[in-house]
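The values are calculated or read from the model by the stated rules, or taken from the named source; none is laboratory data. Computed from a predicted model, the values in this text were never measured in an experiment. Glycine also receives a Cβ, built like all others from the backbone with ideal geometry; neighbour counts cover every protein chain displayed. Surface areas here come from the heavy atoms of the whole protein model, side chains and all, with no ligands, DNA or RNA. Shrake-Rupley method; radii C 1.70, N 1.55, O 1.52, S 1.80 Å.
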Amino acid sequence: MSLRFVFWGAFVALSGLAACKSSSSAKRAGTAEDPFVIGMSQCNLGEPWRVQMNEDIKRAAAGRPNLKLIYKDAQNDSLVQRSQVEELVQQGIDLLIISPKEAAPLTQPVAEAYDKGVPVIVLDRAVQGDKYSVFIGADNKKIGREAGKFAARILAGKGKIVELKGLMTSTPGQDRHAGFREGLELDKHPGLEVVFEADMQWLEPNARKEMESALATQKQIDLVYAHNDPGAHGAYLAAKEAGREKGMKFVAIDALPHEGVKYVQGGILDATFAYPTGGAEAIGVAEQLLSGKKMEKKMVLGTKLFTRENLGKGGEPIE
Amino acid sequence: MSRGGRLRASILRSPLARALAPLAIVLVLGMVFHQDGAFFAWDTHRAMLREISVHGMLACGMTLVIISGGIDLAVSSVLALAAVLFAWLTLGHGIAAIGAVPLVMAVGLAAGASSGLLVARFYIQPFVATLAVMVFARGLGKQLSGGRKIASAGELPEIFSLIDAKVLGGNLSVVTIVFAVCAVLTWLILSRLRLGRYLYAVGGNREAARLSGVPVRRVLLTVYALSGLFAAIAGICQAAQETHGDPETGMGYELDAIAMVVLGGTSLAGGRGSMQLTLIGALTLGYLQKILSLNAFSTEARLMLTGAIIVAAVIFQKRVAARDQGEEVGS
């Protein structure tokens with residue numbers, strides 16, 4: 001019986017302690033001795049692009065001793081991400097950065113954090129409603145359109161195109177596809193033709209497989225457009241194996257420093273369009289919000305075109 | 001029974017012939033939907049053989065494990081771990097292939113052996129034991145690579161282009177030869193070595209095998225270790241073909257390997273099956289995917305068709321086998 005008493009006593013004491021801690025957290029000074037605590041909830045660190053996002057955040061925060069970051073990885077599970085957001089708020093963070101897996105299941109926990117007075121920055125994918133501080137993201141459709149325009153331009157309005165799509169059941173896949181077709185302006189360029197298209201589910205081995213089928217069925221291919229860097233790399237390897245890579249252009253999206261940009265540098269890709277992570281921007285916005293400034297609710301990031309010619313200048317920004 | 005009927009029955013009695021029927025149907029499909037003759041070009045077949053090679057190497061180990069009455073879910077993760085480790089050694093630290101290849105193979109062997117240890121020594125169900133190793137190996141691969149692809153800063157070492165090359169006048173991929181060597185080794189183990197005989201005995205009835213003096217634990221440990229070894233070889237081939245070590249690579253390959261084994265007619269109950277059957281299963285699955293890809297079917301249709309054809313093939317084999325046994329009892 002006394003043991004039970006000790007247990008409950010400890011429980012009450014601990015919850016009291018926790019309550020004290022979270023109530024005192026609102027008064028952090030934001031100095032090097034007493035830094036602001038930012039919670040970063042990432043939906044899936046299995047994707048290189050998201051690893052890059054965390055990396056961008058880390059790099060931006062490195063020069064700011066007044067910020068301290070806590071990272072969480074939800075491993076591609078909405079419900080895990082939901083409880084991680086709740087944990088962070090429990091811990092008494094000063095600001096939440098979240099890149100949600102899906103809008104619907106994360107709207108509620110984000111709104112709860114926002115209602116408790118924690119500023120929330122939503123990255124890449126949106127949540128529903130308006131209970132967050134700032135949304136930062138890029139426009140896949142716009143980037144796809146730029147890729148389409150670029151393709152039409154370097155082919156001078158005439159050529160046969162292969163499109164290796166990401167997952168067509170995902171919004172980025174749909175937008176990168178629809179935008180590309182808009183950018184090609186097939187009605188204005190009757191010489192352009194998409195002769196083969198297939199889903200490669202964002203995966204390099206699949207892209208190589210599909211490209212082999214394209215090579216087997218198409219005698220002439222002038223340009224390959226892949227929805228991500230690994231897709232274009234896989235296509236290049238297939239074309240190279242068939243000895244047909246020389247006559248082909250390869251265009252991709254994402255431009256990750258370790259992938260697309262490197263492939264452009266190595267002469268494998270002709271161009272890749274950046275899909276910015278917004279990680280660095282988020283830290284900038286976080287600082288503004290923490291100092292009490294009001295910010296625009298939506299921040300749309302532009303893309304950057306990387307080609308062999310402009311690599312030295314760090315790419316060409318397209319607004 | 002008519003003479004024709006008896007002849008047909010005796011042909012179908014052979015599991016090999018039963019496995020060949022679905023392959024024949026898939027090949028006929030390819031000849032009908034040949035996409036302006038693309039299906040008849042040797043390059044298409046060479047590409048298909050390259051595409052099934054990595055999965056096929058996993059299926060070699062999977063055949064051994066399934067005959068022993070188990071299953072190995074860890075192969076895809078061991079493949080990824082091997083790919084990352086191989087890239088880390090050769091690209092990251094400039095270690096020569098002669099050192100890196102045996103080292104990676106040893107790690108694969110060890111990963112497989114740890115599954116084997118859990119199954120043989122601690123009596124954990126193979127599904128659970130290999131699930132645990134699958135998760136662990138994936139984590140280890142990610143840890144080693146920092147969640148990123150390990151790629152080369154400059155020129156790729158020679159070993160990469162050596163593995164991802166074609167021989168015999170550009171008519172056969174090197175990885176396909178590696179797969180063939182793995183398949184021959186597996187066939188040798190199953191049909192020529194004492195280990196093979198033990199394996200069928202353990203898969204058929206573990207207790208009976210133990211009582212008749214089969215070293216059950218050692219057999220199981222060896223089988224899972226071999227599966228890990230084949231997965232490591234597959235990982236090296238995967239890294240060479242992708243020109244980097246990707247910690248996310250090979251997700252779901254274990255299911256393809258299982259499908260290849262099952263399509264060949266090897267039963268998941270254990271104690272029966274062979275490498276020849278798995279080879280036919282691999283070709284059936286490979287041709288099916290190639291034909292769907294050549295005809296640019298949508299992903300949705302491909303998934304549904306692949307599922308339907310696996311079920312159809314397995315039902316066909318079961319029915320023929322059942323009828324066959326019924327006749328034997330009756331005659």
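Okay, here's what the table says:
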| read-out | value |
| --- | --- |
| Alpha carbon Rg of the range B:219-262, scaled by the compact-globule rule 2.2 N^0.38 Å | 1.30 |
| Accessible area expressed per residue, the protein assembly as shown, with surrounding protein chains retained (probe 1.4 Å, Å²) | 45 |
| Cβ-placed point charges (K, R +1; D, E -1), dipole of chain A about Cα centre in debye, nearest 20 | 340 |
| From the C-alpha gyration tensor of the range B:54-161, square roots of 5λ in Å | 28, 14, 11 |
| Rg [Å, one decimal], Dmax [Å, integer] - the range B:156-280, C-alpha atoms | 17.1, 54 |
| Peptide B:145-152, shielding by other chains (average Cβ, 10 Å cutoff) | 5 |
| 0 to 90° range, to nearest 10: angle between helix A:279-290 axis and chain A longest Cα axis | 30 |
| Efficiency of FRET from Cβ geometry, A:K219 and A:L186, R₀ 22 Å, rounded to 0.05 | 0.60 |
| Cut-off under 5 Å, modelled amide H: who pairs with A:I97 long-range | A:G39, A:M40, A:S41, A:I121 |
| Relative contact order for chain A, counting Cα pairs under 8 Å that sit 6 or more residues apart, in percent | 15 |
| The range A:54-141: trypsin sites (Lys or Arg not before Pro) in DSSP loop, at most 13 other beta carbons within 10 Å | A:K116 |
| Other protein chain Cβ atoms within 10 Å, averaged over every residue that makes up A:199-206 | 5 |
| Gaussian network model of chain B, Cα within-10 Å springs - most flexible of B:M57, B:M304, B:M260 | B:M304 |
| Semi-axis lengths, Å, chain B, gyration tensor of Cα atoms, sqrt of 5 times eigenvalues | 33, 27, 16 |
| Interchain or long-range residues, amide H under 5 Å from A:F250's placed H | A:V224, A:D270, A:A271 |
| The range B:113-188, relative contact order [Cα under 8 Å, separation at least 6], % | 13 |
| Nearest-ten-degree value, helix A:171-184 long axis tilted from longest Cα axis of chain A | 40 |
| In degrees, nearest ten, helix A:48-62 long axis to first principal axis of chain A (Cα) | 50 |
| Spatially close lysines, pair count over the range A:32-175: Cα under 15 Å, gap of eight or more or interchain | 8 |
| P(r) histogram, all alpha-carbon pairs of the protein assembly as shown included - 10 Å bins from 0, percent | 3, 14, 21, 23, 18, 12, 6, 2, 0, 0 |
| For A:T307, residues with placed amide H under 5 Å, excluding near neighbours | A:E316 |
| Percent of Cα-Cα distances greater than 24 Å, calculated over the range B:1-131 | 56 |
| Theoretical FRET efficiency, 1/(1+(r/R0)^6), r = Cβ-Cβ of A:K298 and B:R197, R0 56 Å, to 0.05 | 0.20 |
